[in-house]
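Structure first, then comments.
We did not get these values from a lab; they are worked out from the coordinates using the rules stated. Everything numeric in this text was worked out from a predicted model, so none of it was measured. Positions of Cβ are generated from backbone atoms using ideal geometry, with glycine treated the same way; all protein chains shown enter the neighbour counts.
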Amino acid sequence: MLFARFLFRVSFRTRWRAWIAIAVLAGVAGGVVLAAAAGARRTDSAPERVVAATRASDVLVNPNNGSLSDAQWRELEQRPEVAEWARLAGVVMVPILDDGRPDVSFIESPTGSLVLGNPDGNEMHTVDRPGVVAGRIPERTDTTALIINERAAREHDLHVGSRLRVGFFRVSDLEGPAGHTPEPAAVYTLRVAAIVRPFDDATRASDDPRLGPVFVLSEPLSRKIEPFGSLFGGLAVALHARDQLPEFERAARRIAGSSVLDFQEISGTLERAHRGNRPYVLALWTSIPGRTPARVMHRAVSSVHASRSAAV
C-alpha cells in the first residue's frame with residue numbers, strides 16, 4: 001500500500017500537466033453533453049412555452065349553423081373554467097376597385113379570405129397574442145387599423161402602411177338573385193398596422209389549404225358594422241387549466257341547446273408543432289456522443305495505469 005502511494009506521488013509530480021489536461025477534457029465533454037441535453041429538452045418544450053407566452057386560446061367554440069345568441073355567448077364567457085375570451089364574427093368585407101365596383105375575386109380565390117370582426121377587442125390583445133412580423137399591434141381604439149397574417153400580405157401584396165378601401169355588406173343583402181352584387185352598406189379606408197404570425201399559422205406548411213389570408217378588424221370598427229350581421233360567430237377561450245376542457249365543452253353543448261358546436265382545440269396545433277420539432281429534437285439527442293464522460297474517464301484511468309506500469 002505504501003509502495004502504491006509512493007508510485008502515485010512520483011507519477012503525479014512527473015505527469016501533473018497530463019492529469020490537468022485529462023480533467024479539463026472530461027469537463028468539456030461533460031459540458032457538451034449537458035448543453036445538448038438541455039437544448040433538446042428546451043426545443044421539445046418550446047410549443048408549450050409559446051402557448052403560455054402568447055396566451056393562445058385552449059379552444060375555439062364555433063357553431064356549425066352560424067352563431068349563438070348574445071345571451072348564450074355571455075353565459076359561455078361567464079363559465080368558471082374560463083380565464084380569458086375573445087368573441088369573433090365572420091363579416092363580409094370586399095376591396096373596392098378604382099371604378100367603385102367590389103373586387104369579388106377577394107372572396108372567390110381558391111383559399112378565400114377570412115375577415116374577422118373583433119367586437120370585444122380581446123382577440124390578439126388579451127387572447128391569441130401573435131408573433132409580430134412587421135409593424136405593431138394597434139391600440140384597441142384605432143378604428144382604421146387592420147391586422148393581417150403573412151398569407152394575406154403575400155397574396156394581396158400588402159405591407160405595413162398599405163391602405164385598403166373596402167366595403168362592408170349586410171349579410172341579408174347577399175341572399176339576392178345569383179350574379180347580383182349588392183351595394184356595400186358602408187365603405188372605409190383601412191390601414192395595415194401589423195403583419196402577424198399566429199401560433200396556428202406557424203405550425204402549418206406553406207401549402208396547407210387551411211392556411212388562408214386572415215384580416216382582423218379593430219374593436220370600434222367591429223362594433224360599427226355589427227348591425228350588418230355575420231356569416232358565423234366564434235368564441236376563443238383560454239381556460240384556467242387545460243384539464244378543465246372536457247367540463248367546459250359539456251357545459252357549452254348544454255348552453256348551445258339545439259345548435260351543433262365544433263370545438264377546435266389547441267391540442268391539434270400542439271401536435272403539429274411537436275411533429276415539426278421532432279427532427280430537431282432527435283438531431284440534438286443524437287449529437288450527444290455515447291457515454292462521452294465515461295469514455296474520457298476510462299482513457300484517463302488507462303493512462304494512469306500505463307504510467308504506473310512504465311514507472312515500475
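Things worth noting here:
- Subtracting the Cα-Cα distance of R163 and R250 from their residue separation scaled by 0.36 nm leaves 26.9 nm.
- Sequence of I147, I96, I225 once ranked by neighbouring C-beta atoms within 10 Å, starting from the fewest: I96, I225, I147
- Close amide H contacts of D128 (hydrogens built in the peptide plane, cut-off under 5 Å, sequence separation of 5 or more or a different chain): A56, S57.
- Sorted by Cβ density within 10 Å, fewest first, the residues M124, M93: M124, M93
- Interchain or long-range residues, amide H under 5 Å from L261's placed H: N64
- Summarising the amide proton neighbourhood of N149: residues at separation of 5 or more, or on other chains, whose placed amide H is nearer than 5 Å comprise V196, V214.
- Extending 7 Å from the Cα toward the beta-carbon at both E271 and N65 defines two label points whose distance is 2.8 nm.
- Phi angles across region 90-103 convert, under the Karplus curve 6.51 cos²θ - 1.76 cosθ + 1.60 with θ = phi - 60°, into 3J(HN,Hα) values of x, 10, 9, 10, 9, x, 9, 6, 4, 8, x, 7, x, 8 Hz, Gly and Pro given as x.
- Residues in region 223-230 carry Karplus couplings, in order, of 6, 5, 9, 4, x, 6, x, 9 Hz; the curve used is 6.51 cos²θ - 1.76 cosθ + 1.60 with θ = phi - 60°, and Gly or Pro positions show x.
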